[in-house]
Number of protein chains: 2
Amino acid sequence: MKEIEEGSELRLDFTKLQKVAKTGRPVLPVVVQDADTREVLVVAYSNQEALEHSLKTGIATFWSTSRNELWIKGATSGDTLQIVDIRVNCEQNSLLYLVRMLGGGVCHTKDAQGHTRKTCYYRSLQNGKLNFVEGRSPI
Amino acid sequence: MKEIEEGSELRLDFTKLQKVAKTGRPVLPVVVQDADTREVLVVAYSNQEALEHSLKTGIATFWSTSRNELWIKGATSGDTLQIVDIRVNCEQNSLLYLVRMLGGGVCHTKDAQGHTRKTCYYRSLQNGKLNFVEGRSPI
C-alpha cells in the first residue's frame, strides 16, 4: 500500500468497480469538491442511507465499500466535511458534494511533514511516472 | 430519460456501478474538471486503452460503459476536451482529468436555449427536489 500511495510508479487498480459491485450494495460515485477552492478532494461512494444521513446532519457521509458500512467522514479522524450543496448529474447516476473542510484534509495519507493531505489527487501523471504536486496550485 | 434529465424529481439510479461491473470490463471512475474554472463537468469511466489514448492524443478519452467501446469524447459532437493534466488518487483506483473545452460543453443534454450544457451537474438537491442551477455560479 505504501508504494501505491507514496511511490512514483503507476499501478492503477482497474478492478475497483468490480470489487464495489461484488459487495452487492448498490452505490453511486460521489465527487467531493472544496466549495471554496474548488479543488477535487476525493471520489467516494454513496447509497440512499448515506445520502439521507448527509442531508439530515449536514455532514458528508458515504458508504464504505471496503468495510461495507456507513462512513461518516471524520467520525474518527476529525476530518469532517460540512455539506454546502449536493449536485446531481443528468442521468442521476452520480453525485457531486460541495463541501467545507472542518478538519485538516480529506486523504487518509500524510505528506512529508506528517500533515493529512488535503486532497487524494496529490500526484500527476507525467511521462509514465507519478509526480507529487502537493502544496502547488492544483492547475 | 427526459424526466430523469429535465425533471425536478430525484430518481437516483443506484445500480449504475453494478451495471458497469456486468460489462466485464475493468474500468475506473474519472472525474473531469475544467482546468480554468475548476467546475466539475462529468464523471466518466476509463480503462488502460482509454488512458493510453488520452495520453497519446491529448484528447480526453473514456470507455463507454453503455456501448462498451472506446469513447473519444467529442468525436461525433465536436465537444472535444483537451487534456491539461491527469491526476491519480492515493489508492490508484480513480483518475482526475483536468481539461480545456474545445467545444460548447460536456453534457449530452441541452439547456432551455438549446445550447449544450457545459456541465452535467446542472441541478442542486434542495428540500428533496432538484433545482436547476445552470447559468449561475457553481458555488
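The values are calculated or read from the model by the stated rules, or taken from the named source; none is laboratory data. A quick note: this is a predicted structure, and the numbers were derived from the prediction, not measured. As a convention, Cβ positions derive from the backbone with ideal geometry for all residues, glycine included, and neighbour counts pool all protein chains shown.
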**OP:** Kindly establish whether A:G74 is crowded, with 19+ Cβ neighbours inside 10 Å and either more than 14 Å from the chain's Cα centre (by Cα) or within 14 Å of chain B (Cβ to nearest Cβ) (or both).
**Re:** no
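If a residue has to be more than 21 Å from A:F14 (Cβ to Cβ) and surrounded by 19 or more Cβ atoms within 10 Å (Cβ to Cβ) to count, how many in the range B:83-98 make the cut? Walk me through it before giving the result.
Initial filter on the range B:83-98 (more than 21 Å from A:F14 (Cβ to Cβ)): B:84.
Add one more test, that the residue is surrounded by 19 or more Cβ atoms within 10 Å (Cβ to Cβ), and what stays is none.
So the count comes out to 0.
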Subject >> A:Q18 being more than 28 Å from B:L130 (Cβ to Cβ), of a type in the set (S, T, N, Q) and surrounded by 15 or more Cβ atoms within 10 Å (Cβ to Cβ) >> reply: yes
Subject >> The lone exception for B:C90 - which of (1) assigned to a helix (DSSP H, G or I); (2) at the interface with chain A (Cβ under 9 Å from one of its Cβ atoms) it fails >> reply: (1)
Original post:
Any idea which of (1) surrounded by fewer than 24 Cβ atoms within 10 Å (Cβ to Cβ); (2) at pLDDT 95 or above is the one A:A44 doesn't satisfy?
Top reply: (1)
**OP:** Among what's in the range A:74-85 and is in a loop (DSSP other than H, G, I, E, B) and in contact with a strand residue (DSSP E or B) (Cβ under 8 Å, 6 or more places away or on another chain), pick the residue that is modelled with the highest pLDDT.
**Re:** A:T80
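How many residues, within the range B:23-34, are more than 21 Å from A:L12 (Cβ to Cβ) and surrounded by fewer than 15 Cβ atoms within 10 Å (Cβ to Cβ)? Spell out the reasoning first.
Going through the range B:23-34, the residues more than 21 Å from A:L12 (Cβ to Cβ) turn out to be B:34.
Filter again for surrounded by fewer than 15 Cβ atoms within 10 Å (Cβ to Cβ), leaving none.
Residues in the range B:23-34 being more than 21 Å from A:L12 (Cβ to Cβ) and surrounded by fewer than 15 Cβ atoms within 10 Å (Cβ to Cβ): 0 in total.
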Original post:
Counting only residues that are crowded, with 17+ Cβ neighbours inside 10 Å and more than 8 Å from every other protein chain (Cβ to nearest Cβ), which one in the range A:47-63 is farthest from A:G128 (Cα to Cα)?
Top reply: A:H53
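Inside the range A:109-139, can you point out the residues that are out of contact with any helix residue (DSSP H, G or I) (no Cβ under 8 Å at 6 or more places or on another chain), part of a loop (DSSP other than H, G, I, E, B) and facing chain B (nearest Cβ under 7 Å)? Give the derivation first.
Step one: list which residues in the range A:109-139 are out of contact with any helix residue (DSSP H, G or I) (no Cβ under 8 Å at 6 or more places or on another chain), which gives A:110-124, A:126-139.
Checking the rest, the ones that are also part of a loop (DSSP other than H, G, I, E, B) come to A:111-115, A:117-122, A:127-128, A:133-139.
Matches in the range A:109-139: A:C120, A:Y121, A:I139.
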Subject >> Positions within the range A:2-40 being more than 9 Å from chain B (Cβ to nearest Cβ) and among the small types (G, A, S), in sequence order >> reply: A:G7, A:S8
Original post:
So which of B:S66, B:S94, B:S77, B:S54 is out of contact with any His (no Cβ under 6 Å at 6 or more places or on another chain), without any contact (Cβ under 8 Å) to a residue 24 or more places away in the chain and among the hydroxyl-bearing types (S, T, Y)?
Top reply: B:S66
Original post:
Quick check: anything in the range A:1-9 under 17 Å from A:C120 (Cβ atoms) and in contact with a Pro (Cβ under 9 Å, 6 or more places away or on another chain)?
Top reply: no
Subject >> Of all residues in the range A:93-107 being under 16 Å from B:S94 (Cβ atoms) and more than 7 Å from every other protein chain (Cβ to nearest Cβ), the one that is farthest from the chain's Cα centre (by Cα) >> reply: A:L95
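Collect the residues in the range B:93-108 that are more than 21 Å from A:L41 (Cβ to Cβ) and part of a loop (DSSP other than H, G, I, E, B), keeping them in residue-number order. Reasoning before the result, please.
Filtering the range B:93-108 down to residues more than 21 Å from A:L41 (Cβ to Cβ) leaves B:100-105, B:107-108.
If the condition is that a residue be more than 21 Å from A:L41 (Cβ to Cβ) and part of a loop (DSSP other than H, G, I, E, B), then B:L102, B:G103, B:G104, B:G105, B:C107, B:H108 are the ones that fit.
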Original post:
Within the range B:4-15, can you find the residues that are crowded, with 18+ Cβ neighbours inside 10 Å and under 18 Å from A:T23 (Cβ atoms)?
Top reply: B:L12, B:F14
